[in-house]
Amino acid sequence: MAPIKTYQYGENAVSVFDSGKALTDAAADWIAQSALDVVRQETNFSLALSGGSTPVGVYKQLVSEKWLSRFPWAQTKFLFGDERYVPHNHAQSNFRMAMEAFLEIAPVNQEYIYPVPTHCEHPDDCAEIYERQLKEAMATDELPVIDLVLLGMGDDGHTASLFPGTDILQESESAVAAVYVDKLDSWRISMTFPTLNHARQVMVLVSGEAKSEVLAEVLLSQQQKYPIQLLHNPNGVNWFVDQAAASHLK
Ligand code: 6PG
């Protein structure tokens, strides 16, 4: 599924697709090809999953006839870029969404699914637990180097659970942190920018007209206004957007 248009804004490589479906199919192809490339050289492929609604189509496409028998499921470690601080069977849970969309269907190695714990008395405790689990999964005591981080973008320019005006944006040491999001009146646990910016590859999915103005500001403005502008990667940031979201790009 080729993009209908591409843009390059500094490190940001933007591929525009003519529909949300074309976007999610192309993103699934890119993830699958990345996974196959990595497992040719390494034992495992590590993938940090995004929450929200946009990735659901990507996850479903990965268990479609096109990829179900080709994706290296047993060698893939499934991490979560962020999580809502709710039980894993809660309607808002990113873990539940990912399990239902594809992880319950695909022949994964159950031991390679790493849900964010959300049972602690205080979210900070579970953030610490997840940081330990993440580093153990990635066999490191330092910031993990995740092969591919999949992200979305909110219409306020947040990504993962890195929301405007929250302290977690300044986190420079921890790989994972808990954050209370006033506008949502809820706790989240999220990978921090040090972790996201330490990944080998990062991709951002953006779909819909509602995000078009913020997306244009994020990509075109030199002003640092939105959290997602703190995303950087030496291999570039790969944006998969649909025409509606790209309507203000030039
Ligand atoms: C979450 C995600 C969040 C999401 C954006 C976009 O837990 O909700 O991590 O960062 O990617 O809010 O969400 P949509 O894809 O639903 O627009």
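Read the figures in this text as sums done on the coordinates, not as results from a lab. Values in this document were obtained by computation on a predicted structure and should not be read as measured data. FYI the Cβ positions are ideal-geometry reconstructions off the backbone, even for glycines, and counts take in every protein chain you see.
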Is there any pair with a first residue in the stretch 224-247 that is charged (D, E, K, R) and a second that is assigned to a loop (DSSP other than H, G, I, E, B) whose Cβ atoms are under 9 Å apart and which are 6 or more apart or on different chains, and what are they? Lys225/Gly157; Lys225/Pro164; Asp242/Asp18; Asp242/Ser19; Asp242/Ser207; Asp242/Gly208
Here the qualifying pairs (Cβ atoms under 7 Å; residues six or more apart or on different chains; first in the stretch 1-26 and in contact (Cβ under 8 Å) with a residue 12 or more places away in the chain; second among the acidic types (Asp, Glu) and in a loop (DSSP other than H, G, I, E, B)) come out as Ile4/Asp18
Taking the residues in the stretch 59-116 that are acidic (Asp, Glu) and assigned to a loop (DSSP other than H, G, I, E, B) as candidates, determine which candidate is farthest from Arg40 (Cα to Cα). Glu104
How about the stretch 4-19: which of its residues are crowded, with 19+ Cβ neighbours inside 10 Å and more than 19 Å from Leu231 (Cα to Cα)? Val16, Phe17
